[in-house]
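Some notes on the structure that comes next.
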Amino acid sequence: MKNILLVEDDPQITNLLILHLHEPFYRVTACDRGSLALEKLAVSTFHLVILDIMLPDLNGVEICRRIRERDGRTPVLMLSSLAEETDKVTALELGADDYLTKPFGVFELMARVKALMRRGDEGGGPVAGDGVTGEGVLAGTGGGSGRGAGTGVSEEGMIARGELIIDRDKKKVTIRGKRLELTPKEFDLLVLMASHPGKTFTRHELLEMIWGFAFQEYEHTVTSHINRLRIKLEKNLNKPEYILTTWGTGYRFAE
């Protein structure tokens, strides 16, 4: 049974979601205040957080930021209205994994919940490095058993690039012997680029392949995720070794 934290102050939406996210598959803990949500998160483990942006006390974006400060792996699904476009973009940049715009269909929400839950299953639970090789994220190619610079997939499910090792099955990334804490979207982005060293992806392509939509207004979301990956990967941000910029076009993984 998967534990879901639902943070929503609209009782009709809360009751609707509880009705569909029921046992034996899910156990929902609902709260209508951001402060209460933070209290729940401090003492309990959840496989998914469904978080409304507009709350009576704390803004959902602020809650998302606090979640990501201490937990980079538990999926966060944001709920927003069309009037909150800026907050939606900010939430994605802070590490939210998906969002739904109100009003939304229950079947669409269930499909997204199941997709995010699969990441938890594949990654070993809510603290096991979520992330998924989704549509458009292709398995790496290449061979060889070594793990030196320039090697490809050294064994099934593994990608090795210099000191960087990606285990796609365990959703685990290590560099220089240290495990990295990545959000699901950061993991997907890294897997896609590392699977195609030397190939330049435009921001538009990355947005479509990783986030599933391609609106120009959101392209700076890609830039924010690239910057966070570089902070976690690179020894020297002024001379990156792994994620490089193709000026005027996009980004590529070093050959």
- Message: Quick check on my filter: what residues within the stretch 225-245 are part of a helix (DSSP H, G or I), open to solvent by 40 Å² or more (accessible area, probe 1.4 Å) and touching a residue at least 12 places away in the same chain (Cβ under 8 Å)?
- Response: 228, 232
- Message: On the basis of being surrounded by fewer than 20 Cβ atoms within 10 Å (Cβ to Cβ) and either modelled with pLDDT under 90 or touching a strand residue (DSSP E or B) at 6+ places or on another chain (Cβ under 6 Å) (or both), does residue 102 make the cut?
- Response: yes
- Task: Answer yes or no as to whether residue 219 is out of contact with any Phe, Trp or Tyr (no Cβ under 9 Å at 6 or more places or on another chain), part of a helix (DSSP H, G or I), within 25 Å of residue 100 (Cβ to Cβ) and open to solvent by less than 10 Å² (accessible area, probe 1.4 Å).
- Result: no
- When the stretch 198-216 is examined, which residues are found to be assigned to a loop (DSSP other than H, G, I, E, B) and either open to solvent by less than 50 Å² (accessible area, probe 1.4 Å) or modelled with pLDDT under 90 (or both)? 198, 212, 213, 214, 215
- Query: Is it the case that the stretch 66-80 has a residue that's small (Gly, Ala, Ser), over 15 Å from residue 116 (Cβ atoms) and open to solvent by 10 Å² or more (accessible area, probe 1.4 Å)?
  - Reply: no
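Where residues in the stretch 167-180 are under 21 Å from residue 94 (Cα atoms) and touching a strand residue (DSSP E or B) at 6+ places or on another chain (Cβ under 9 Å), which of them is surrounded by the most Cβ atoms within 10 Å (Cβ to Cβ)?
Per the stated criteria, the residue is 173.
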- Note on the structure: Reported set for the stretch 159-178 where residues are part of a strand (DSSP E or B) and in contact (Cβ under 8 Å) with a residue 24 or more places away in the chain is 159, 161, 164, 166, 172, 173, 175
- Message: Given the criterion within 12 Å of the chain's Cα centre (by Cα) and either at positive phi or at pLDDT 80 or above (or both), identify the matching residue among 142, 136, 129, 124.
- Response: 129
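From 55, 21, 5, 48, which residue is open to solvent by less than 40 Å² (accessible area, probe 1.4 Å) and more than 22 Å from residue 95 (Cα to Cα)? Break it down stepwise before answering.
Numbers: 55 fails: more than 22 Å from residue 95 (Cα to Cα); 5 fails: more than 22 Å from residue 95 (Cα to Cα); 48 fails: more than 22 Å from residue 95 (Cα to Cα).
Step by step, each of 55, 21, 5, 48 is checked, and only 21 is open to solvent by less than 40 Å² (accessible area, probe 1.4 Å) and more than 22 Å from residue 95 (Cα to Cα).
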- Name the residues in the stretch 26-45 that are part of a helix (DSSP H, G or I), open to solvent by 30 Å² or more (accessible area, probe 1.4 Å) and over 23 Å from residue 114 (Cα atoms), would you? 35, 36, 38, 39, 42, 43
- Cβ pairs under 6 Å, 6+ apart, first in the stretch 110-126 and open to solvent by less than 70 Å² (accessible area, probe 1.4 Å) and in a helix (DSSP H, G or I), second among the acidic types (Asp, Glu) and modelled with pLDDT of 55 or more: 112/98
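For (1) under 21 Å from the mean Cα position of the chain (by Cα); (2) at positive phi; (3) touching a residue at least 40 places away in the same chain (Cβ under 8 Å), each residue gets a yes or a no:
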{"position": "15", "(1), (2), (3)": "no, no, no"}
{"position": "20", "(1), (2), (3)": "no, no, yes"}
{"position": "27", "(1), (2), (3)": "no, no, no"}
{"position": "35", "(1), (2), (3)": "no, no, no"}
{"position": "41", "(1), (2), (3)": "yes, no, no"}
{"position": "44", "(1), (2), (3)": "yes, no, yes"}
{"position": "47", "(1), (2), (3)": "yes, no, yes"}
{"position": "50", "(1), (2), (3)": "yes, no, yes"}
{"position": "55", "(1), (2), (3)": "no, no, yes"}
- Item | Tally, over the stretch 246-255, of residues that are out of contact with any Leu (no Cβ under 7 Å at 6 or more places or on another chain), part of a strand (DSSP E or B) and open to solvent by 30 Å² or more (accessible area, probe 1.4 Å) | 1
- Note on the structure: Filter the stretch 86-95 for residues that are free of Cβ contacts under 8 Å to residues at least 60 places away in the same chain and among the charged types (D, E, K, R); the one that is most open to solvent (accessible area, probe 1.4 Å) is 87
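The values are calculated or read from the model by the stated rules, or taken from the named source; none is laboratory data. Nothing here was measured: the structure is a model prediction, and the numbers come from that model. Using ideal geometry, Cβ is built from the backbone for each residue, glycine included, and neighbour counts are taken over all protein chains shown. Just so you know, the surface numbers come from the protein's heavy atoms only, side chains and all, with ligands and any DNA or RNA stripped out. Shrake-Rupley method; radii C 1.70, N 1.55, O 1.52, S 1.80 Å.
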